[in-house]
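Comments concern the structure below.
The values are calculated or read from the model by the stated rules, or taken from the named source; none is laboratory data. Owing to the predicted nature of the structure, the values given are computational and were not obtained by experimental measurement. Don't worry about glycine lacking a Cβ; one is built from the backbone with ideal geometry, like all the others, and counts go over all protein chains shown. Just the protein is used for accessible areas: all its heavy atoms, side chains included, with ligands, DNA and RNA removed. Shrake-Rupley method; radii C 1.70, N 1.55, O 1.52, S 1.80 Å.
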Amino acid sequence: MEKLFIESEDKHAVEAYRQIVDYVLNDMSVKSLDAIHIYADPAALFFSCRVDFERSGTPLKIRDLSTERVGEEDVDLVIGEERYLADMLRKLWDVYGQDRVEQSERQHIIVKGVSNDADVEKLLDVMVVDPLEDFYEQLITLAVDIIPVGFRVRRVEYAGDSVLVIASEKTIEKEWIDYSKEKLQWNS
Amino acid sequence: MEFMIYRGAPYKYDWVIDLVEDVGGFIISKSMQTTEVVIIFAVPKEDVQKVEEMSGRIFGDLKSALLAGTEIIMVSPSYSRHHAPMPHCGIIQNFRENGAKVDSLAMARGVGLEICRMSAMERALIEEHDLAVFMFGSFEHCIKEYKLKMIEDLDMPIVVMAYPPMEVEKSNITYVDGLTRILMSFRKGDEQERLNKVTQAVLETVKKIKEELKDDPLVVPPIYLKQEIEEQVPAIETCLSPAPVTLKLDSLRIKLPYDTYADDIKNLHILNNRTLTDAAEVSQSYTGQILVKIQRESTAGSFFGE
């Protein structure tokens with residue numbers, strides 16, 4: 001990987017981690033990765049890793065996946081893309097409750113008790129698929145694969161296009177977090 | 001005796017077994033998969049050519065088994081994605097291809113710096129083997145200050161592999177650099193070369209142990225005892241393990257329950273109307289199997305000189 005920055009006083013460990021990261025990336029095939037920054041002090045009990053990525057994919061809302069037919073006391077959503085039907089139902093049940101959401105036919109979902117314009121707008125803006133959520137998970141898995149196995153206490157922070165993982169075998173101290181953030185130029 | 005491995009199709013493989021037995025050799029193990037037979041055996045040096053000719057006639061592949069008769073334990077800090085299946089299993093496979101009997105162990109708490117520990121159970125299991133191979137990490141500080149201290153009590157030949165090049169002072173430890181928890185499958189680039197370094201270190205360690213054995217030889221060779229046990233203890237055939245009697249450099253592991261079969265093993269007849277207890281110490285392994293530790297000539301006297 002081109003943008004791989006490893007900082008450590010042990011120069012052999014830098015070489016080793018360069019290879020470890022290369023092999024882990026080959027194995028996982030994570031797309032849209034921008035850079036990886038690692039800070040590892042050989043004598044300290046913590047290891048920090050920052051993964052930067054490039055955003056790709058847009059979030060999908062109910063508006064993008066269906067056409068609405070507003071009735072007097074309910075809204076009938078006509079589904080165009082069946083692939084996201086399960087996600088959509090799950091999300092609507094979370095927001096409106098199972099008694100108000102009904103799948104009357106294969107491609108129709110009726111949401112009861114939504115009739116005025118403001119409520120309909122709110123319904124159409126419900127987010128169904130957030131690509132960023134899955135991507136964050138993938139990046140954390142990547143970071144965990146890079147971090148030594150023994151460091152099982154982990155702190156994860158998100159900021160825009162980056163994920164920061166600090167890991168240790170003990171309770172993570174505040175100085176370690178501050179120091180890691182300073183070393184890895186974490187601004188948030 | 002020369003240790004060798006035969007690999008070939010099942011067709012007429014029994015010709016090799018018959019020949020080995022006719023020239024006074026020993027079959028160590030025979031494993032038969034659907035399309036391949038692997039036989040590890042020992043033959044007198046002067047008869048190697050005959051076996052080579054026979055192997056050529058039935059289109060088999062014959063090579064020297066440099067690690068045959070050795071029981072090795074490969075110890076990794078954990079079975080997580082970081083260590084297994086690669087490179088842990090790749091290294092084991094390489095030893096097996098050289099004829100060794102390899103056990104695999106992942107320590108319960110072998111990871112980390114201050115938290116790494118070796119339990120009494122793990123230590124007992126490791127010490128039952130001829131040789132232990134340990135895989136450690138990438139930081140010199142971690143290896144020197146924590147990992148080598150964890151294994152310093154082990155009084156047996158050890159091969160340690162880790163990434164940084166460094167010197168280890170203890171005489172029973174051979175250190176190999178360049179190989180650590182990198183997910184390599186040992187197929188491309190310099191991966192094979194790195195693996196060969198570890199195999200070479202293991203071979204040298206085994207050679208040293210064998211030379212030491214020459215100075216004060218065993219009263220009977222383990223391979224001879226193995227044959228006697230297989231002939232005189234019929235219960236061996238009920239054992240489902242691929243190697244019911246495992247050869248070690250100076251002892252044997254019999255995979256039968258100690259409580260039931262220990263007396264049968266102790267009263268086994270060997271050379272010149274002697275029993276096995278005259279030549280060896282029988283004890284229980286940590287997992288309840290039978291361990292037969294053969295005595296040296298300096299303790300029991302020569303059996304063949306009488």
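Using a 1.4 angstrom probe on heavy atoms only, work out the carbon and sulfur share of the accessible area of the stretch A:60-129 in %.
42 percent
Run the dipole for the protein assembly as shown about the Cα centre, Lys and Arg Cβ at +1, Asp and Glu Cβ at -1, nothing else charged, and hand back the magnitude in debye, nearest 20.
Dipole about the Cα centre, nearest 20: 680 debye.
If we count every other residue with Cβ under 12 angstrom of B:I72's Cβ, Lys/Arg +1 and Asp/Glu -1, where does the sum land?
-1
Only loop residues by DSSP count here, and only those with at most 10 other Cβ atoms within 10 Å; note down the chymotrypsin sites (Phe, Trp or Tyr not before Pro) in the stretch B:208-265 that meet that.
Answer by residue number: there is no such site.
With every protein chain left in place, what is the accessible area per residue of the protein assembly as shown in square angstrom, probe 1.4 Å?
Per residue, the protein assembly as shown has 50 Å² of solvent-accessible surface.
In whole percent, what relative contact order does the stretch B:222-300 give with Cα contacts below 8 Å and a gap of six or more residues?
Value for the stretch B:222-300: 27 percent.
Answer rounded, prolate or oblate for the stretch B:62-106, using the Cα gyration tensor with square roots of eigenvalues a ≥ b ≥ c: rounded when a/c is under 1.5, else prolate when a/b is larger than b/c, else oblate.
oblate
Which listed residue (B:I143, B:L179, B:P10) has the Cα farthest towards the positive end of the charge dipole for the protein assembly as shown, taking +1 on Lys and Arg C-beta and -1 on Asp and Glu C-beta about the Cα centre?
Final value for the positive-end residue is B:P10.
Nothing charged except the Cβ atoms of Lys and Arg (+1) and of Asp and Glu (-1): what's the magnitude of the dipole of chain B about its Cα centre? Round to the nearest 20 debye.
1060 debye
To the nearest 100 Å², how much accessible surface do chains B and A cover up together, summed over both, with a 1.4 Å probe?
2200 Å²
Suppose we keep just the DSSP beta bridges with both residues in the protein assembly as shown; what percent of those would be antiparallel, to 5?
DSSP beta bridges in the protein assembly as shown are roughly 75 percent antiparallel.
Along the positive direction of the dipole of chain A (beta-carbon charges: Lys, Arg +1; Asp, Glu -1; about the Cα centre), which of A:F53, A:L142, A:W176 reaches farthest?
Toward the positive end, the furthest listed residue is A:W176.
I'd like the GluC sites (Glu not before Pro) in the stretch B:92-189 restricted to DSSP loop residues with at most 15 other Cβ atoms within 10 Å, sorted by number.
Filter output for the stretch B:92-189: B:E114, B:E152, B:E167, B:E169.
Spin-label point model (7 Å from Cα, Cβ direction): what's the A:E157 to B:E169 distance in nm?
Taking the two extended label points, one gets 4.3 nm.
Quick check: residue separation of B:Q49 and B:S80 times 0.36 nm, minus the Cα distance between them. What number comes out in nm?
Using 0.36 nm per residue and subtracting the Cα-Cα distance, I get 6.6 nm.
Quick check: residue separation of A:M1 and A:N187 times 0.36 nm, minus the Cα distance between them. What number comes out in nm?
This chain segment gains 64.6 nm when fully extended.
Helix-only mean residue ellipticity at 222 nm, the protein assembly as shown, DSSP H runs n ≥ 4 weighted -39,500 (n - 2.57), per residue, nearest 500. What is it?
The helix contribution divided over the protein assembly as shown gives -9500 deg cm²/dmol.
Taking the Cα centre of the stretch B:31-124 as origin and charging only Cβ (+1 Lys, Arg; -1 Asp, Glu), how large is the dipole, in debye to the nearest 20?
Result for the stretch B:31-124 is approximately 340 debye, rounded to the nearest 20.
Using 1/(1 + (r/R0)^6) with R0 = 60 angstrom and r between the beta carbons of B:K210 and A:T141, what's the FRET efficiency to the nearest 0.05?
Once rounded, the FRET efficiency stands at 0.80.
Quick one: of B:K63/B:K207; A:K183/B:K149; B:K30/B:K293; A:K11/A:K183, which pairs are farther than 27 Å apart, Cα to Cα?
A:K183/B:K149
At 7 Å along the Cα-to-beta-carbon direction for both A:D125 and B:Q192, put a label point, then send me their distance in nm to one decimal.
That separation, rounded to one decimal, is 6.3 nm.
Return the loop-located chymotrypsin sites (Phe, Trp or Tyr not before Pro) in the stretch B:1-107 (DSSP other than H, G, I, E, B) with at most 13 other Cβ atoms within 10 Å of their own Cβ; answer none if there are none.
B:Y11, B:F59
Please list B:70-78, A:71-79 highest first by mean number of surrounding beta-carbon atoms within 10 Å per residue.
The densest-packed peptide leads the list: B:70-78, A:71-79.
At a Förster radius of 41 Å, what calculated FRET efficiency corresponds to the Cβ-Cβ distance of A:Q98 and A:E173, to the nearest 0.05?
Working from the Cβ atoms, E equals 0.35.
Placing +1 on the Cβ of each Lys and Arg and -1 on the Cβ of each Asp and Glu in the protein assembly as shown, which of A:L89, B:V233, A:V75 has its Cα farthest towards the positive end of the resulting dipole?
Farthest towards the positive pole: B:V233.
Within a 10 angstrom radius of each residue's Cβ in A:8-21, how many Cβ atoms of other chains show up on average? Whole number is fine.
That average works out to 5.
Using a simple spin-label model with points 7 Å from Cα along the Cα→Cβ vector, what separation in nm is obtained for B:A108 and B:S64?
A separation of 4.3 nm, rounded to one decimal place.
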